[in-house]
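Below you'll find the structure, written out as structure tokens, and then a few comments.
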Amino acid sequence: MNQPVPSETYAAQVRRLADVSERVHAQREEARAWHERQCAAADRAVAEAEERVRRAERDLAEARELQERVDAEVAHLWQQLRERLGAAGRRLAEPPAPTSGVDADPVLLLDRVRELLDRTRKPGELPGSTNPLLALCGVAGAVLAYALGAAARAAGVGYGGDLAVGMPVLALVVTLFGPLVGLVPAKVLADRRHAVLGPRPMIVVLTAGLVTTVVLLVAGR
């Protein structure tokens, strides 16, 4: 027959079972907490990866937009350069390809090119080497005005009457405008040379015209 289990042994087995159950429960809780931490970390990693993907897509879209703007501005500036060069510019084909390995902001580079084109667009003053031509313009204007004045005086003498009184006055006024007449061919000269008829060229023209007018008036007495 089976012998009954002593009460001390049974109590020890119950305590051992309780200890085992407590350890199992603690391990389960630890495993559950670890699993939750892993899931949270995985969720954070996925969220961060998705954010990086969205940021990369935004950067890509901005880069494409910048490239389109840069390409359009390059084409516009290249066309301006071709127009500025005239016949020589027509031999230029497409804009040069981008240079690899250049780490610079294309917008800043285009701004510098635009400033350079703006500076070349602004005409400068006629150089000093054109002073003889400017003086010749002044002389020619004075001679032309004096010739018109002489013709007016001759017409007054020929027709007589009131014209004989008024035409000499008109002739004198036309003659005195002679130095200003020289500014017209001087302006044409400046335009052909893509320059500005500034104060110095105007002084040269007016001085030459004034001297010529005085000489002609003195000689015509």
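Which of R82, R69, R52 comes first, and how do the rest follow, when ranked by fewest Cβ neighbours within 10 Å?
Least crowded to most crowded, the residues run R52, R69, R82.
Around V196, which amide H atoms from residues at least 5 apart in sequence, or from another chain, sit under 5 Å from its own amide H, with H modelled in the peptide plane?
G124, E125, L126
By how many nm would the segment from E57 to V113 grow when fully extended, if each residue of separation counts as 0.36 nm and the alpha-carbon distance is taken off?
Difference between extended and current length: 17.1 nm.
For a Förster distance of 41 Å, can you work out the FRET efficiency between the beta-carbons of R82 and V211, rounded to the nearest 0.05?
Result of the calculation: an efficiency of 0.35.
What nm distance separates the two modelled labels at A154 and L133, each placed 7 Å from Cα along Cα→Cβ?
Between A154 and L133, the label points sit 3.2 nm apart.
Please rank V196, V14, fewest neighbouring Cβ atoms within 10 Å first, as an exposure proxy.
If I rank by nearby Cβ atoms, fewest first, I get V14, V196.
Laboratory data are not the source of any read-out in this text; all were calculated from the coordinates shown. Computed from a prediction, not measured in an experiment: that's the story for all the values here. Note that each Cβ is placed from the backbone with ideal geometry, even for glycine, and that neighbours are counted across all protein chains shown.
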